[in-house]
Each structure stands twice: as C-alpha cells, then as structure tokens.
Amino acid sequence: MSDPKTPPGPLLTVEDLHTEYRVESRVVRAVTEVSFAVARGEIVGLVGESGSGKSATGLSILRLLPPEGRIVRGRVLLDGTDLTKLPDAEMRRVRGGRVAMIFQDPMTSLNPYLRIEEQLAEVGVLHLGLSQKDAIDQAVALLDRVGIPDARRRARGYPHEMSGGMRQRAMIAMALLGKPELLIADEPTTALDVTIQAQILELLRELVQERGLSVILVTHDLGVIAEVADRVLVMYAGRIVETGSARDVLARPEHPYTTALLRSVPQLDQRAGRLESIQGMPPRLDQGLFTECTFAPRCRLVRDACRTAEPPLAPAVAGSPRLRRCILSPDEVAK
Amino acid sequence: MSESRGPWSDAYRRLARNRLALAGAAVVALVTGLCFFLPALLGLDPATTNPSLAHLPPGSGHLLGTDGLGRDYLARVLVGGQTSLLIGFAATVASVVVGVLYGAISGYYGGRIDEVMMRFVDFLYGVPYMFLVILIMLLFSETARGNPLPVFLALGLVEWLTMARVVRGQVLTLREREFVLAARLLGAGDLHVIFRHILPNVAGIVTVYATLTVPAVIILESFLSFLGLGVKLSWGQLVAEAVGVVNPIRSYWWLLLWPSVLLATTLLSLNFFGDGLRDAVDPKARR
Amino acid sequence: MTDTLLDVTELSVHFPAVPLPVRAVDGVSFAIHRGETLALVGESGCGKSTIARAIMGLVPKTAGDIRFDGTSMPPLGEPARRPLLSRLQMIFQDPDASLNPRLTILSSVAEPVEITEPKVPRAEREARVLALMSDVGLDPTLAGRYPHELSGGQRQRVCIARALAVRPELLVCDEAVSALDVSIQAQILNLLVDLRERYNLSYLFITHDLRVVRHLATRVAVMYLGQIVELGPTDALFDAPRHPYTRALLAAVPSLTKAKVAAAARARGEIPSPSNPPSGCRFHTRCPEVFDRCPREEPAFFVLPEARRCRCFLVESERTTAAEP
C-alpha cells in the first residue's frame, strides 16, 4: 500500500459525527461522536447489533438518510472535501462516482421494470459521460468480472430472472461502474445463502486487491469481519466502543461488550456448552444525553465509576492504535 | 414503561395529535347534536304549511327563512339533517355487518368458495348502480317511495361490496400469519380463529372504511333525492327543491344555501376524520 | 411409549406449478428419538421448512409416511389428529407475526390451554401461564402487556411459553433464532437447552446457520434441493464431513477461528431451482469433486459406520449393512 503514486493520508475521515432521527415528537440519537478513518485499499468493518448505529453511519457518509434523519454535527472528509457541506448537485456526483453503496436487499436496489444493462449503463452515462453503447459495453464487462455467467445475454434480462446471489453481484457491478474509491457495503451478504455469501465475500476481497478499493463493511456478523476486514469498529448505542485491527480485536478484545459478543456467538469448532449471553436490552437512544457508560446496565464488570460519566474513546496505553470506551484496563476486561 | 398500552392506544394518541381530524369529528358531533336535539328543544315544526309566510328570507321569526309553502326552513334543514345522517350511519352499519361477514368467510375459506363469492361481488359491481336503485324503487309502491326503507336498501346494497373486498384482502393476509397457524395447530376451530384472531385484526381497517362510507352514503342519498328518488325530507331533497325554484328574478338563495352548507361541511368533516383515522391506524406509521 | 418419537419415511412434498411441479421435498427419511435434537440444515430451496410444515400438517404430503410415537399422523383438521395436537408444537421464525397483536401475553399463552383443556378454570389457567412465563425467563408482570411492547427476544420467549403450555414432547423450531440479534440468540439457545433438560423435550431444529447447530443438536441432517445428503451425530459430522456439500457449507461459514476446511472445498455457482433439479446427483453442478458418474446416476443414501449416512458415490465403498440409524 505504499505506492508512490497514491496520495498519502486516509481516503475518508469521519470526524465527530452525530446523526439524529426525528420520529413523531422524539429525537433519536442514532449516531454519537463517531470518528474514524479509512485508508486506501483497506476494508473497515462496522460491526454491531440492531440499533447500534452502524447502518446510520454508512447512510450519513453518503447523506442518504431518510427525511426524518439529519447530521447534526461533524464532518465527513473525502480526501479533504467535507461531504456534509457539499451542495446537492455535487453530492450527487460523489454518490455512485467516488463513493458507491450496496445494500442488503438487492431486489429493492434494482428496478424491476428496467433491463439490467439499462440500469447499469445509467451509471456510465451519468458519472463517466459515456455514450449509451459504451456504457453498456463497460457494464457487461463488469458483470462478467463479478462472476455472472453469459454476461451479455444476462444483461438484457430483468432482475427477477436472477437469483439473490446474482443480483447482489449485479449490484456490485453497478457500484463499480463509476470507478469508486470507496464502497460502503451495508449487510451485503446477510440475506444470502451461506455458500453464496462466501463467494460474494471472496469477490469483494479480490476487487479490493485489484483496484485498491476501500470498503466500509457494515455487518452484525463477527465471522464476516474475521474473514475479510482489516480493521474493525465495534458499535453500541450509536457509539464506537472499540476499534483496532480485526485480528487483534477479535483475539484480544478490550471492551466488555466486544467480549460478551464474542462469547455469545456459537462457533463451528466449539462443542455444546452454555453460551454467554448479555442480560437486558440495548438502551433507548431518545432519552437525551447519557450520564453513564451506555453499556453499564448490562456490563458484568460494571463499577460505580462507570455510572458517573460516559467514558471517552481512548487508547489503553498512549500511542496504541486500539481505542476503547471503557475505564477498565484491558487485563481486567479479559477476565 | 408505566402501564400497558393496548394496540389501540397508540392509534388513539396519534389521532389525538391530528388537529384536522379532531376538528372534523367535533364538527360532525356538533351538527349531529344540533339536528337531533335542537328541533325538540326549540319546538320547531318542519311540516306546518303557511302560505302567507311563503318565501321569506332569513330574518327574525324564521332564522333561516321559509320555503315555498311557508314552512320554517331552520326546522326543515335540521330535521332533514336527521334523515340524512340516520341513513348515512344506518346504511353504513348494514354494509359493515354484511361486508365483514361476507369478506371474512370468502377470504378465510379461500379456494372455490372464495372464487364464487368474489365473482358474485364482481358481478354486482358491474351492474350500473342507478339501474339497481331504480329497480328497487320500482319494487315499492308509489306511496312507500318517500320512505327511508327502499333508499336504505338500495344504498346498503352497494356499499357492502367495497367493505367485503377490503376485508377479504386483509383476511387473506392474516390467514397465513404465524399466530393463526399456531392456533390451528392447537386444534382451534374455524369459528374460534375467525372471531378471536382474524376479526379483531381487521377491526382497524374496517373502522376506517366505515367512517369513510358514511359520507359516501350521504352523498348517494342526496343524489337520489336530487333525482326525485329519495326520501321526503333530507338535505339532498331540500337542495333538489331549492334548485327547482331558482329563477333570475327572485333567487331564493337561502333555500339552496343552508342545506348545501350543512351537507358540504358534514361531508368534509367526516372525510377529514376518516383520513385521520386511517393515518392513525395505518401500521406503516406505527413506531 | 417407544423410543422413536418421530419417524419420517420417504416423505415427498411436491407443489403443483407450471410448467413443472416444485419438488420441495423428495424422498426424505429420518427419525427422531426421545430426548434428542435433530438439526435440519440447508440453504434456500432445500426443503427444510417444508418438511417442518408437512410434519405439523400445515402442508399436505405428496407421498411417504410420517409416524409419531408409532402411529401414522392423520391430516390436520381430522378428528383423529386431535390427541396428537398437544404432543408436538412449533416455534416460528418471525416473533412479530407469531403473536396476535390484539391479545395480551396472558391471553396468547393461555389460549392453548383454553382450546385443548377447556374445563380448566380461569384462575388455574392464569397460574399456569405465569409459571410458564417464569420458566422461559419472562417477568410475570409482563402478562398484561401487548406484543408490540416487548422486544424480539421477549416475544420469542412468549412463543416458546405458548408452545409449552400443552406440554408437548416434540418441539419443531423453524429458524426460531434466525431473526434475533446475536446476543439475544444466545439467550434463546441457552433457554432451549435448559428447557430440553427440564421437560425431557425433543427438538427438530431447522436452521441455515451451522454455528447454531453445533451448539444445540445431537444429530444433524444436511439437506440440498429436497433431499438429505448427509446425516450423522453432530460432532462426527462437523469434525469429519463426508459429503462434498457438507464440506462446502462448512467452508463457507464465516468463522472467527481459522479451523476451517480448505477453500478448495467451496461450492461453485448458483443453487438450482427445486422445480428443475439437476440430473443424477443433484449437487453435481456445483461439486468440486464431481466425476463422470455423478450426472448420470442418483446416488443412494448409503449407510455408513457409526450411525452415519451419506448420499454420495465417493463413500459407496464404505457402506455397511448395519441397521439404519
């Protein structure tokens, strides 16, 4: 990754992102104080359960929030340009161009009434200024690259003629057409069968290698993180609670939530036994500011000090690349 | 969570916040109250004719004026309102009862029964409404025609069709829901399933449609009256009479104005309320 | 009371369709013994959910025999089925759709008792409900609440309580934890394990998630396109899978630990449609170890040593004449 031609520094920097949803009369703080960076050619995993804010973070980066959602604070810097401040027309050029996104359900991302090649060609025409014919040719080439057999013929077909796995590949092709530098993938394999999931993850890995593509992978599955992610951000209650390299975080977690999560996932090579489960439920995010650690009510290691204020996201040892939102030391967490 | 909130209380809260819907409900309540209680309270008489007082504009003595036969118009408008509203609500109730039962049975049993039952509905839908109504009216003798009964029948006959279709659609979906399957797996009989599980879950949508059926019926009745096929005294009837005497020299404007205003206001208010109900009950809006 | 609780023999379920019928289940045989948990795993179109529904009587069978405790199971709705109804119950995948939104938790859990034991007085019924709620780890004060006020995990517990209200012997869990968050999944899995011991239950556990299987099941049946392709005790099957599809499944599961089967074992291509399964061995179009016999002949479900079975020519030479597991 130290290619002299690529500019130094991270591709994407998210700084102190806060996103809220206004639902009826309540304000739900979906994302709070989220900061991270994505380097070129890196796969960053955002992992968490439902309500953790991982999807909202991805949507915030591309400003694809629903009408009731908005970014209330923070910056999203793409190579220095703050995406949150861009005028709509320029943001549209970024979406599908420098930054692309794929979603969990490919059926709703593909227009059932248009042929595959038409939808894909749209990207080429809008973002690369190609002629329709050239755009279709590039689309077919990409469909072939993502592993769709008989691509030219398939492209003339419709989404409902494809299986879930193929549709997801078509979506990936559509995302790649604009030659993005960053791909945000929101649960891209959750709705797919296991053997197809493995194929898609392998495809993503290959594409990252080939094109120096950066990926933000949003998922709830720690196994997926283990398979493909370079770095991981563990999210809980809208906050990042732990970050570090995927291998390190999974092998030596430094936050009680991460530990609990790891222990609650049944493993393939593990015999039957009690799974550790986390008592209680995630906290509500519409009750205003927190005066304690968000995980305190459910943490098995909770101390009085945890209830006085929210811990900051900080390294255990100064200079460590691993950040965590916990006042306990990593050794105490590991017990 | 302090106390339990039933599935209706969420809808209730949402409705309570919808000012337009509440205003609509208030207006309807007000109009209904006026129509049913004011004539008795004030001792109004819609029937006594008095040719010497014919066609008086609104003024003291006759708040809304008099009609061609000298009858007090305020009395006529209010009592006419009684009929319009009564027919509206009664026909709606009838259409709900028939429509819900028909739709529930058709949707729940499915298969051939559903096909036959729905083909019948389609057939009735295809028959021109006016044709049906005239047919029914002709079945009654000349004197009976001014009575509410034949009109009520004609209207009820048309409105239940939509209700049946709506309910059938809901029932088809509900029938496959896991909680229904769970009940069937315990050996619950069809009646138990329909009354315990299916019907309570269509109650919401039925209420909404029923609220929107009332104005539809009132309009239909007014239309019939306008054509001379309606009841003796209703808002529609009054409008029809008023239009009949309009002339360029003396516009008896009050004859047309009062029933039209009341009719329009009531219909609008019912529609606002019905819309508000639908928004409140719609599962998409739920949490 | 025999030791074999459920005995499925050559079960087939075909759905009429144009142009070809959907052969959702094609000649499936297995048995569940008292106290054991059999997991049915597979991907889309394998027929596992259809088998569950056929056993419960929600879907008619096209061929084959289903026996519960030795007696053949009459279709749902027939009076002859009545005595069997409370002996097997089902838990569904979607906790939202599994509870009537208009009924309180109390009513929902009490309903089975109302239907099957109508003579039980109200007070006793309520007492039973509260006891069941405690059993499944629910705070009894939630009895007056409505489903939408509970979390997904709590709702699933209610469904389990409801199923247990009739004291079944067999519980069919159709993707019962798939819709839940990971940490909640763990809670429910632990609960199922506890209940199994406490009530001497047997489970037919249907899932697509192999990780959950290892944790809960005593035996595993791997399904592909309407057939069982491998069957055996959990540990043996996971430690030494014999069928290429089983190996492909295991290789594909995203795993935290690196104890994975080699990537070369991965399955290629797409899953075919159940209306038009491939000729011969149905897995041959995707099998990394396919050879010339595979598209031509359909392999039998060979019986192997140690109570294992496998539908693949690669193991044909090892088959035993021992009794079927």
| said: Need the failing condition index for C:VAL41 against (1) more than 14 Å from chain A (Cβ to nearest Cβ); (2) aliphatic (A, V, I, L, M); (3) under 16 Å from the mean Cα position of the chain (by Cα), just the number. | reply: (1)
| query | Just checking, which of C:ARG214, C:ARG219, C:ARG198 is within 11 Å of chain A (Cβ to nearest Cβ) and among the basic types (Lys, Arg)? | reply | C:ARG214
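Does the range C:196-209 contain at least one residue that is without any contact (Cβ under 8 Å) to a residue 12 or more places away in the chain and either of a type outside the set (Asp, Glu) or surrounded by fewer than 24 Cβ atoms within 10 Å (Cβ to Cβ) (or both)? I'd like the intermediate steps shown before the answer.
Initial filter on the range C:196-209 (without any contact (Cβ under 8 Å) to a residue 12 or more places away in the chain): C:197.
Checking the rest, the ones that are also either of a type outside the set (Asp, Glu) or surrounded by fewer than 24 Cβ atoms within 10 Å (Cβ to Cβ) (or both) come to C:197.
Within the range C:196-209, one or more residues are without any contact (Cβ under 8 Å) to a residue 12 or more places away in the chain and either of a type outside the set (Asp, Glu) or surrounded by fewer than 24 Cβ atoms within 10 Å (Cβ to Cβ) (or both).
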| query | Filter the range C:255-283 for residues that are surrounded by 14 or more Cβ atoms within 10 Å (Cβ to Cβ), farther than 22 Å from A:MET162 by Cβ and modelled with pLDDT of 85 or more; which is farthest from the other protein chains (Cβ to nearest Cβ)? | reply | C:GLY280
| request: Please verify whether the range A:242-263 includes one or more residues that are modelled with pLDDT of 90 or more, of a type in the set (Val, Ile, Thr) and over 28 Å from C:PRO254 (Cα atoms). | output: no
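Here is a check on your reading of the model: is B:PRO150 in contact (Cβ under 8 Å) with a residue 24 or more places away in the chain, closer than 29 Å to B:LEU78 by Cβ and assigned to a helix (DSSP H, G or I)? Break it down stepwise before answering.
Working: in contact (Cβ under 8 Å) with a residue 24 or more places away in the chain: no; closer than 29 Å to B:LEU78 by Cβ: yes; assigned to a helix (DSSP H, G or I): yes.
For B:PRO150, the condition - in contact (Cβ under 8 Å) with a residue 24 or more places away in the chain, closer than 29 Å to B:LEU78 by Cβ and assigned to a helix (DSSP H, G or I) - is not met.
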| said: Can you tell me which of (1) more than 10 Å from chain A (Cβ to nearest Cβ); (2) assigned to a helix (DSSP H, G or I); (3) closer than 23 Å to C:ILE51 by Cα is the one C:SER178 doesn't meet? | reply: (2)
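A quick yes/no check of all residues on (1) buried (at least 21 other Cβ atoms within 10 Å of the Cβ); (2) hydrophobic (A, V, I, L, M, F, W, C); (3) in contact with a His (Cβ under 7 Å, 6 or more places away or on another chain):
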site: C:ILE55; (1), (2), (3): yes, yes, no
site: C:PRO101; (1), (2), (3): no, no, yes
site: C:PRO112; (1), (2), (3): yes, no, no
site: C:GLU124; (1), (2), (3): no, no, no
| Would the range C:68-85 turn up any residue that is in contact with a Pro (Cβ under 7 Å, 6 or more places away or on another chain) and closer than 30 Å to C:HIS215 by Cα? | no
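Considering only residues that are among the charged types (D, E, K, R) and either touching a helix residue (DSSP H, G or I) at 6+ places or on another chain (Cβ under 8 Å) or within 13 Å of chain B (Cβ to nearest Cβ) (or both), look in the range C:48-64 and name the one that is farthest from C:VAL8 (Cα to Cα).
Step one: filter the range C:48-64 for residues among the charged types (D, E, K, R), giving C:48, C:53, C:61.
From what is left, the residues that are either touching a helix residue (DSSP H, G or I) at 6+ places or on another chain (Cβ under 8 Å) or within 13 Å of chain B (Cβ to nearest Cβ) (or both) are C:53, C:61.
Working: C:ARG53: 13, C:LYS61: 11 Å.
Filtering first and then ranking leaves C:ARG53.
Quick grid of which residues meet (1) farther than 30 Å from C:ARG53 by Cβ; (2) surrounded by fewer than 21 Cβ atoms within 10 Å (Cβ to Cβ):
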position	(1), (2)
B:ILE113	no, yes
B:VAL121	yes, yes
B:PHE131	yes, yes
B:LEU138	yes, yes
B:LEU157	yes, yes
B:LEU172	no, yes
B:PHE179	no, no
B:ALA188	no, no
B:HIS192	no, yes
| query | B:VAL127 versus (1) closer than 19 Å to B:LEU233 by Cβ; (2) under 22 Å from the mean Cα position of the chain (by Cα); (3) surrounded by fewer than 21 Cβ atoms within 10 Å (Cβ to Cβ): which is the lone unmet condition? | reply | (1)
| said: Residues that are within 11 Å of chain B (Cβ to nearest Cβ), without any contact (Cβ under 8 Å) to a residue 12 or more places away in the chain and more than 30 Å from A:GLU49 (Cβ to Cβ): list the helices (runs of 4 or more DSSP H) wholly contained in the range C:72-173 that include at least 1 such residues. | reply: C:82-85, C:105-116
| note | A:ALA296 fails exactly one of (1) surrounded by 16 or more Cβ atoms within 10 Å (Cβ to Cβ); (2) closer than 28 Å to A:GLU42 by Cβ; (3) modelled with pLDDT of 90 or more; (4) among the small types (Gly, Ala, Ser), namely (2)
| Meets criteria (in contact with a Pro (Cβ under 6 Å, 6 or more places away or on another chain), among the aliphatic types (A, V, I, L, M) and at negative phi) for C:ALA24 | yes
| note | Picking from A:ALA198, A:ALA191, the residue that is under 21 Å from the mean Cα position of the chain (by Cα), in a helix (DSSP H, G or I), modelled with pLDDT under 90 and within 14 Å of chain C (Cβ to nearest Cβ) would be A:ALA198
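Here's the yes/no breakdown for (1) within 30 Å of A:ALA37 (Cβ to Cβ); (2) touching a residue at least 60 places away in the same chain (Cβ under 8 Å); (3) surrounded by fewer than 19 Cβ atoms within 10 Å (Cβ to Cβ); (4) touching a Pro at 6+ places or on another chain (Cβ under 9 Å):
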site	(1), (2), (3), (4)
A:ARG73	yes, no, yes, no
A:PRO87	yes, no, yes, no
A:MET91	yes, no, yes, no
A:LEU114	no, no, yes, yes
A:GLU118	no, no, yes, no
A:LEU128	yes, no, yes, no
A:ILE136	no, no, no, no
A:ALA139	no, no, no, no
| query | What strands (runs of 3 or more DSSP E) lie completely within the range A:1-112 and have 3 or more residues being within 23 Å of A:GLY244 (Cα to Cα)? | reply | A:12-23, A:26-38, A:43-47, A:69-78
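Regarding the range C:223-232, can at least one residue be identified that is part of a helix (DSSP H, G or I), out of contact with any strand residue (DSSP E or B) (no Cβ under 8 Å at 6 or more places or on another chain) and either more than 8 Å from chain A (Cβ to nearest Cβ) or farther than 20 Å from A:ARG274 by Cα (or both)?
Filtering the range C:223-232 for residues part of a helix (DSSP H, G or I) gives none.
There is no residue in the range C:223-232 that is part of a helix (DSSP H, G or I), out of contact with any strand residue (DSSP E or B) (no Cβ under 8 Å at 6 or more places or on another chain) and either more than 8 Å from chain A (Cβ to nearest Cβ) or farther than 20 Å from A:ARG274 by Cα (or both).
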| note | Scanning the range B:182-211 residue by residue, those more than 8 Å from chain C (Cβ to nearest Cβ), over 21 Å from the mean Cα position of the chain (by Cα) and assigned to a helix (DSSP H, G or I) turn out to be B:ASP190, B:LEU191, B:VAL193, B:ILE194, B:PHE195, B:ILE198, B:LEU199
| message | Given the condition in a strand (DSSP E or B), within 14 Å of chain C (Cβ to nearest Cβ) and either out of contact with any Asp or Glu (no Cβ under 9 Å at 6 or more places or on another chain) or under 30 Å from C:LEU225 (Cα atoms) (or both), answer yes or no: does some residue in the range A:240-251 qualify? | response | yes
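The values are calculated or read from the model by the stated rules, or taken from the named source; none is laboratory data. Every value quoted in this text rests on a predicted model; they were computed, and no experiment measured them. Neighbour counts are summed over all protein chains in view; Cβ atoms, including those assigned to glycine, are modelled from backbone coordinates with ideal geometry.
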